[in-house]
Amino acid sequence: MDGQVVILDGGLATELEAAGIKIQGDPLWSARLLHTNPQAIKDAHQRFLSSGADVLTTATYQASVDGFMKHLGMTSEEAIQLMMSGVQIARDAVQDFKTRTSDNKVPLVAGSVGPYGAFLYDGSEYTGTYEETMSGEVMLLICLHAGLIVKPKISFSMSLFRLQEFKAWHRPQVQCLVSAGADLIAMETIPSLKEAEALVELLREFPNTKAWLSFSCKVIYTVNDGEVSLFQILMFNAQEAFLKASRA
């Protein structure tokens, strides 16, 4: 779809609620329907395709392996399979759409990854404040497990700890979506620059996977945690691109 105008689908939860399905107040949000009513998700996907969508976004924004284990009492393997089912449901909707239309286009499936705060279910996904309260002990264990700290005397900044914790949190979800065959990953409404950095770094572990990343912003295009503006991010990316071109 390079160089083409691409139409994304709409808000999945909004579409489900319009169909009379109760989602508000659920810590898993629309992701619970992957377990309880997958047909409702498929039907919503099909309505988006019938309305002209070129990309379907999976019902996994508020889904996570840990979340399914916690709120549905699943084993790790069951949670992984349920996470992956979000991609299959969207693919089934695409296949049904292709069989009933003469349109030659093949809609893409984007595996949705929401911010860590969506799992916390405390409103922090809109502020990014969870970055300030992350457990240093947990981050230290992650770094030790990853082999990032080889000598007790070597110290690492809290920034590095947070980066590694974010990566460790998002890795199972991204792995599930990629393994299930998502065409790309949609990293959605990220409120924290550090979390965005972690996701971009994590994506390097999946070199054949394409993705987009969207921020949630407040006034004057500032990322919700208040750390940086989108203008600064764009300027940094432009400088990086220039440096890479200069070295070529």
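Just a few scattered comments:
- Selection status of A53, open to solvent by less than 10 Å² (accessible area, probe 1.4 Å), at negative phi and not in a helix (DSSP H, G or I): yes
- Residue-level check: of (1) without any contact (Cβ under 8 Å) to a residue 12 or more places away in the chain; (2) of a type in the set (G, A, S); (3) in contact with a helix residue (DSSP H, G or I) (Cβ under 8 Å, 6 or more places away or on another chain), S64 misses just (1).
- Yes/no for Y116 being buried (at least 16 other Cβ atoms within 10 Å of the Cβ) and out of contact with any Leu (no Cβ under 9 Å at 6 or more places or on another chain): yes
- Of the criteria (1) of a type outside the set (D, E); (2) surrounded by fewer than 24 Cβ atoms within 10 Å (Cβ to Cβ); (3) at pLDDT 95 or above, which one G111 fails: (2)
- Test for M69: is it hydrophobic (A, V, I, L, M, F, W, C), open to solvent by 30 Å² or more (accessible area, probe 1.4 Å) and either part of a helix (DSSP H, G or I) or touching a residue at least 60 places away in the same chain (Cβ under 8 Å) (or both): yes
- Pick from region 76-103, criterion closer than 21 Å to D26 by Cβ and among the polar types (S, T, N, Q), ranking: surrounded by the fewest Cβ atoms within 10 Å (Cβ to Cβ): Q81
- For region 157-183, filtering for residues that are at pLDDT below 90 and either surrounded by fewer than 18 Cβ atoms within 10 Å (Cβ to Cβ) or under 16 Å from S112 (Cα atoms) (or both) leaves 4.
- Identity of the residue in region 184-215, open to solvent by 20 Å² or more (accessible area, probe 1.4 Å) and touching a residue at least 40 places away in the same chain (Cβ under 8 Å), that ends up nearest to V87 (Cα to Cα): L184
- L140 being in a helix (DSSP H, G or I) and modelled with pLDDT under 95: yes
- T60 passes every criterion in (1) touching a strand residue (DSSP E or B) at 6+ places or on another chain (Cβ under 9 Å); (2) part of a helix (DSSP H, G or I) apart from (2).
The values are calculated or read from the model by the stated rules, or taken from the named source; none is laboratory data. In this text, all values refer to a predicted model and were calculated from it rather than measured experimentally. Glycine also receives a Cβ, built like all others from the backbone with ideal geometry; neighbour counts cover every protein chain displayed. In case anyone asks, the SASA skips ligands and DNA or RNA and just uses the protein heavy atoms, side chains included. Shrake-Rupley method; radii C 1.70, N 1.55, O 1.52, S 1.80 Å.
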